[in-house]
């Protein structure tokens, strides 16, 4: 496995196409013209991942008003995502990346340590991508509590600055 590299603000977001829990393929390039909140999470139906997905779902209307779409990515299967969505009434789009290609492209797959054991897994992280496909903000190693509010606040700042022509 190559060394983990996280794309930085100012860089073009790595393009991808992944299957969604809604039985369709979602491609980043098809979302040009919209803001994209791309978040990577370890596993469906675990406490932190559920909290994050529920928080994003509850704030979806606010993100929508700002012209943003929310995409959650994990290695779980489309079927697992569908059950996760139904169980928790999630409203965000969940994408399946079982081969870790997109996770690796965004530096969200890497070596982790837990209880003295090392293993590879998903590193919870979020990227805010502008309507031209450029990364404007990165949140590596996300802590779930307060994260959605932080992302929403940052999006508001960028939308406001863009509307003022800054």
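Brief remarks follow.
- Selection status of residue 157, at pLDDT 95 or above, out of contact with any strand residue (DSSP E or B) (no Cβ under 9 Å at 6 or more places or on another chain) and more than 23 Å from residue 18 (Cα to Cα): yes
- Candidate set: segment 136-164, residues that are in contact (Cβ under 8 Å) with a residue 40 or more places away in the chain and over 16 Å from the mean Cα position of the chain (by Cα); chosen: the one surrounded by the fewest Cβ atoms within 10 Å (Cβ to Cβ): 156
- The set of residues in segment 61-84 being surrounded by fewer than 21 Cβ atoms within 10 Å (Cβ to Cβ), over 26 Å from residue 163 (Cα atoms) and over 14 Å from the mean Cα position of the chain (by Cα) consists of 77, 78, 79, 80, 82, 83.
- Criterion (surrounded by 15 or more Cβ atoms within 10 Å (Cβ to Cβ) and modelled with pLDDT of 95 or more) met by exactly one of 124, 101: 124
- Within segment 82-107, residues that are without any contact (Cβ under 8 Å) to a residue 60 or more places away in the chain reach partners that are in a helix (DSSP H, G or I) and surrounded by 21 or more Cβ atoms within 10 Å (Cβ to Cβ) with beta carbons closer than 7 Å, at six or more positions or on different chains, in the pairs 88/53; 90/53; 90/84; 92/53; 92/56.
- Those strands (runs of 3 or more DSSP E) of segment 1-43 in which 1 or more residues are touching a helix residue (DSSP H, G or I) at 6+ places or on another chain (Cβ under 8 Å) and farther than 12 Å from residue 134 by Cβ occupy 17-19, 35-40.
- Counting the residues of segment 29-45 that are surrounded by fewer than 19 Cβ atoms within 10 Å (Cβ to Cβ) and in contact with a strand residue (DSSP E or B) (Cβ under 9 Å, 6 or more places away or on another chain) gives 6.
- Whenever a residue of segment 27-40 is on the phi < 0 side of the Ramachandran plot, its partners that are exposed (fewer than 11 other Cβ atoms within 10 Å of the Cβ), lying with C-beta atoms within less than 9 angstrom and at least six residues away or across chains, give the pairs 32/132.
- The combined condition, being within 20 Å of residue 107 (Cα to Cα) and touching a helix residue (DSSP H, G or I) at 6+ places or on another chain (Cβ under 7 Å), is fulfilled by residue 72.
- Taking segment 44-60 as the range and being more than 30 Å from residue 160 (Cα to Cα) and outside any helix (DSSP H, G or I) as the test, the residues that pass are 44, 45, 46.
- Counting only residues that are within 18 Å of residue 9 (Cα to Cα) and in contact with a helix residue (DSSP H, G or I) (Cβ under 9 Å, 6 or more places away or on another chain), segment 103-122 holds 1 of them.
The values are calculated or read from the model by the stated rules, or taken from the named source; none is laboratory data. As the structure is a prediction and not an experimental result, all values here were calculated from the model. All Cβ positions, glycine included, derive from the backbone under ideal geometry; neighbour counts span all protein chains shown.
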